[in-house]
Amino acid sequence: MKAIVHTKACPLSDPDALVELELEAPTPGPADLLVEVRGVSMNPVDVKVRENRAPEGDHRVLGWDAAGVVTAVGSEVTRFAVGDEVFYAGDITRPGSNAELQLVDERIVGRKPKSLGFAEAAGHPLTAITAWEMLFDSFRLEEGGGEGEALLVVGGAGGVGSILIQLAKQLTKLTVIATASRADTRAWVKEMGADHVVNHRNPLDEELAALDIAPRFVAALTHTDKHIGAITELIQPRGTVALIDDPRGLDIGPLKLKALTLAWEFMFTRSMFQTADMDAQRALLCRVADMLDDGRLVSTVREHFGPMSVANLRRAMELQESGTAIGKTVLDGFEA
């Protein structure tokens with residue numbers, strides 16, 4: 001099978017950053033689906049792994065979002081069959097989706113939304129899982145809860161922010177405030193359903209003071225180290241800050257006076273540690289597929305860069321690295 005790999009930790013400008021290889025097709029384990037990959041999407045994790053992690057061995061297949069068709073199943077698979085159309089984010093400890101075929105545990109796979117093509121469907125699993133787990137695991141909300149409370153989404157126009165705004169508006173009663181600084185990103189987060197938009201280029205505590213809203217929940221999706229001081233000022237006592245980025249030297253001491261909770265969200269935790277509730281990701285992805293099909297959620301895909309190739313994948317990574325991407329960027333699978 002064809003696959004695009006990286007062969008060492010390096011910047012995108014390095015010729016070894018992305019290389020096409022012919023690899024042996026994988027064989028399903030007991031709980032695995034073998035999926036013919038027909039769509040993938042770009043995420044910050046692709047950039048982080050490529051830049052910072054040397055492959056175990058001589059190469060590693062990146063890609064942690066996919067949609068495709070099941071071509072074979074393991075001996076213990078019960079939820080899917082050959083021919084099923086599926087979407088998933090995969091497992092960071094296993095080879096990724098930038099290949100013609102991929103193995104994935106059935107417990108973290110959802111049915112593909114019928115209303116979306118494969119590439120567009122691939123734009124949603126990782127971000128939807130992350131956003132869902134933030135709302136219901138990190139913030140410990142219940143569906144329909146949050147009445148009279150507010151959520152601040154820092155970096156609302158990115159992939160996670162775009163779906164988090166929608167899920168919060170559809171599944172909770174939270175008032176949603178999103179941060180965005182450019183005219184196009186401000187318009188995007190309003191389209192996603194944000195009740196208010198503030199500018200993260202200004203001090204966030206001052207921006208929230210102007211709204212006269214003190215959120216109980218903060219989703220810190222980007223530049224947490226820059227904003228943590230303002231977040232500590234603006235959040236309600238006994239509130240929760242959930243973060244997904246990798247701030248260095250974060251000083252959490254000031255959170256004590258307000259008895260704040262700091263919660264990490266990492267959507268690969270369930271698959272990495274084979275948790276007892278790993279199947280929760282299958283269930284939530286099927287819910288997300290239903291919500292996309294019935295129009296309660298709108299697609300967060302903004303860019304489609306054509307079929308899988310080194311050149312097209314490089315373009316997608318360049319956009320991801322630029323920090324200007326809105327929503328999600330997707331590609332088709334390899335051309336036949």
For the range 23-49, give me the residue count where each residue is closer than 20 Å to Phe268 by Cα, surrounded by fewer than 17 Cβ atoms within 10 Å (Cβ to Cβ) and of a type in the set (Asp, Glu).
0
Among the candidates Met291, Met308, Met278, residue that is touching a helix residue (DSSP H, G or I) at 6+ places or on another chain (Cβ under 8 Å), part of a loop (DSSP other than H, G, I, E, B) and touching a residue at least 60 places away in the same chain (Cβ under 8 Å):
Met278
If you go through Ala214, Ala259, the only one that is on the phi > 0 side of the Ramachandran plot and surrounded by fewer than 24 Cβ atoms within 10 Å (Cβ to Cβ) is Ala259
Looking at the range 99-147, which of its residues are touching a residue at least 40 places away in the same chain (Cβ under 8 Å) and among the acidic types (Asp, Glu)?
Glu100, Asp105, Glu106, Glu120, Glu133, Asp137
Of (1) in the same structural domain as Glu20 (by TED's automatic domain parsing); (2) surrounded by 14 or more Cβ atoms within 10 Å (Cβ to Cβ); (3) in a helix (DSSP H, G or I), Arg270 fails just (1)
Restricting to strands (runs of 3 or more DSSP E) lying wholly in the range 50-165: which have 2 or more residues that are surrounded by fewer than 24 Cβ atoms within 10 Å (Cβ to Cβ)?
66-73, 101-105
Go through the range 1-32 residue by residue and tally those that are over 26 Å from Ala336 (Cβ atoms), in a loop (DSSP other than H, G, I, E, B) and of a type outside the set (Ser, Thr, Tyr).
9
Within the range 174-211, considering residues that are part of a helix (DSSP H, G or I) and among the basic types (Lys, Arg), the one surrounded by the fewest Cβ atoms within 10 Å (Cβ to Cβ)
Lys190
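The values are calculated or read from the model by the stated rules, or taken from the named source; none is laboratory data. Quantities reported herein were computed from a predicted structural model and do not represent experimental measurements. When we count neighbours, we look across all protein chains shown, and the Cβ atoms used for this are built from the backbone with ideal geometry, even at glycine.
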